[in-house]
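Reviewing the structure listed below.
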Amino acid sequence: LWEGHSSLVDELAEVGERPGAIVASVGGGGLLNGIFLGVKRHGWGDTRVVSAETDGANCFAAAAAACFQPTRLEAIKSVATSLGALQCSPTTMELAQAHPTDPCTVTDAEAVDACAFLLDEHRVLVEPACGAAVALLRAERHRHLFAKHESVVVVVCGGSGVNWQIMEQWRKDFGL
């Protein structure tokens, strides 16, 4: 699975795009591990990996705050249930320590707002787990992470758990 996810970086390399940062949502670590493997394979040691989670589904950020020690959440307390890993893979902890990594979190409301933005501006319907990655770029408190980079790639994925009715309910729930 990780090797498959690493092909995202292969595709960037094929088109000659070496970004300053790659932003992706993280749950248990599969996608993130793939990105780490891909940047390593291409020798992109200075490309930052920025992980996105919602508060309440933030097992990676919690582990990072504990010096990348295994950290288990008691429960998933977020609308981003597809990020719902209680603990990250031990491999994710190892790879994150070996590569420039910024673990970040956003609120559920910010993630849902980003979902609404993608729907309104790009006609793409995604879940809050994906919205978390886009929300990082929209949140003022995280802009410093991207200001120094000429290009930033955001992995936009995850829409199987959402439809129009669910999106409308999220908008109502978060006053959007």
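If ligands, DNA and RNA are left out, what is the accessible area of Arg41 with a 1.4 Å probe, given in Å² to the nearest 10?
110
Near the amide H of Val23, under 5 Å away, which other amide H atoms are found, from residues 5 or more places off or on another chain, if H is placed in the peptide plane?
Correct list: Val50, Val153, Val154, Val155.
Between helix 164-173 and the chain, what is the angle of the helix's C-alpha long axis to the longest principal axis, kept within 0 to 90° and rounded to the nearest 10?
80
Residues with amide H under 5 Å of Val106's amide H, sequence separation 5 or more or different chain, H placed in the peptide plane at 1.01 Å from N; which?
Glu53, Thr54, Asp55
How do the peptides 105-112, 1-8, 122-129 rank, highest first, by the average count of neighbouring beta carbon atoms within 10 Å per residue? Numbers along the way, then the final one.
Numbers: 105-112: 24.0, 1-8: 15.0, 122-129: 19.6.
Peptide ranking by packing, descending: 105-112, 122-129, 1-8.
Using just the helices of the chain, give the 222 nm mean residue ellipticity in deg cm²/dmol: DSSP H runs with n ≥ 4 each add -39,500 (n - 2.57), and the total is spread over all residues, rounded to 500.
Values: 8 runs with 80 residues, N = 176.
About -13500 deg cm²/dmol.
Carbon and sulfur together cover what percent of the accessible area of the chain at a 1.4 Å probe radius? Spell out each step's value before the answer.
Values: 4370 of 8430 Å².
The computed percentage sits at 52.
For the chain, what is the charge dipole size about the Cα centre, in debye to the nearest 20, if Lys and Arg each add +1 at the Cβ and Asp and Glu each add -1 at the Cβ? Provide the component values of the computation, followed by the final result.
Working: 13 positive and 21 negative charges, 50 e Å.
The dipole magnitude comes to about 240 debye.
Rounded to whole Hz and in sequence order, give me ³J(HN,Hα) for segment 98-113 from the Karplus expression 6.51 cos²θ - 1.76 cosθ + 1.60, θ = phi - 60°, writing x for Gly and Pro.
Those phi angles translate into 9, 9, x, 9, 10, x, 10, 10, 9, 7, 4, 4, 5, 5, 5, 4 Hz.
Could you sort Ile35, Ile76 by accessible area so the largest value comes first, with the probe set to 1.4 Å?
Numbers: Ile35 0, Ile76 55 Å².
Per-residue accessible area, sorted high to low, gives Ile76, Ile35.
Give the peptides 13-19, 67-73, 88-94 in descending order of average Cβ contacts within 10 Å, highest first. Walk me through the numbers before you get to the answer.
Working: 13-19: 11.7, 67-73: 14.1, 88-94: 19.6.
With the highest mean Cβ count within 10 Å placed first, the list reads 88-94, 67-73, 13-19.
For Lys77, go through the aspartates and glutamates and keep the ones whose alpha-carbon is under 13 Å away, minus same-chain ones fewer than eight residues off.
Candidates past the 8-residue exclusion: Glu53, Asp55, Asp108.
Using only alpha carbon pairs under 8 Å that are at least six residues apart, calculate the relative contact order of segment 103-169 and give it in whole percent. Before the final figure, lay out each step's value.
Details: 73 pairs, mean separation 22.1, N = 67.
Computed value for segment 103-169: 33 percent relative contact order.
Quick one: angle between helix 30-41 and the longest Cα principal axis of the chain, in degrees between 0 and 90, rounded to 10, please.
Once rounded, the angle reads 30 degrees.
Just to confirm, what accessible area per residue do you get for the chain at 1.4 Å probe, in whole Å²? Could you put the intermediate results ahead of the total?
Numbers: 8430 Å² over 176 residues.
Averaged over the residues of the chain, the accessible area is 48 Å².
Please give every one of the aspartates and glutamates within straight-line cross-link reach of Lys148, meaning a C-alpha to C-alpha distance under 16 Å, and leave out same-chain neighbours fewer than 8 residues apart.
Straight-distance partners of Lys148: Asp46, Asp102, Glu140.
Using alpha carbons only, how many angstrom separate the centre of segment 70-125 from the centre of segment 4-33?
15
The values are calculated or read from the model by the stated rules, or taken from the named source; none is laboratory data. What you are looking at is a predicted structure, and each value in this text was computed from that prediction instead of being measured. As a convention, Cβ positions derive from the backbone with ideal geometry for all residues, glycine included, and neighbour counts pool all protein chains shown. Just the protein is used for accessible areas: all its heavy atoms, side chains included, with ligands, DNA and RNA removed. Shrake-Rupley method; radii C 1.70, N 1.55, O 1.52, S 1.80 Å.
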